[in-house]
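The values are calculated or read from the model by the stated rules, or taken from the named source; none is laboratory data. All of these numbers come straight from a predicted model, not from anything done at the bench. Note: ideal-geometry Cβ built from the backbone for every residue, glycine included; neighbour counts use all protein chains shown.
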Amino acid sequence: MDPDKQWRIDTGLFLKGATLQRLRWKAQSGDCDHDPCACCWAKFAKFDGPDIQHEGYTTADRYHWVCAGCVTDLRDEMDWHLAPTGESGI
């Protein structure tokens with residue numbers, strides 16, 4: 001397997017089989033200004049900057065985030081299920 005894919009799978013293995021929904025990133029608490037992608041550590045945040053993600057895929061509790069690139073690259077290997085986007089989505 002491609003080493004670039006393998007390290008991201010290993011990092012995000014705890015999300016194998018998860019259902020993810022595409023949403024705009026939003027801080028879960030006042031003291032948090034960003035969250036990392038669970039697989040590649042890309043940064044999700046409200047502020048702008050190089051390589052900052054403003055939307056992506058998240059678990060139902062919005063605690064774990066996965067960037068669109070990782071979802072595209074790893075969806076089959078990670079057995080992710082994508083939930084339909086509702087009004088709260090993007």
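Worth pointing out:
- Some residue of the stretch 6-15 being touching a Phe, Trp or Tyr at 6+ places or on another chain (Cβ under 6 Å) and either modelled with pLDDT of 95 or more or under 23 Å from residue 83 (Cβ atoms) (or both): no
- Top-ranked residue of the stretch 21-56 - restricted to ones that are aromatic (Phe, Trp, Tyr) and within 14 Å of the chain's Cα centre (by Cα), ranked as nearest to residue 4 (Cα to Cα): 41
- Residue count, the stretch 50-83 (criterion: farther than 17 Å from residue 11 by Cα and either in contact with a strand residue (DSSP E or B) (Cβ under 8 Å, 6 or more places away or on another chain) or surrounded by 15 or more Cβ atoms within 10 Å (Cβ to Cβ) (or both)): 11
- Looking across the stretch 39-74, the residues that are β-branched (Val, Ile, Thr) and over 14 Å from residue 26 (Cα atoms) come down to 71, 72.
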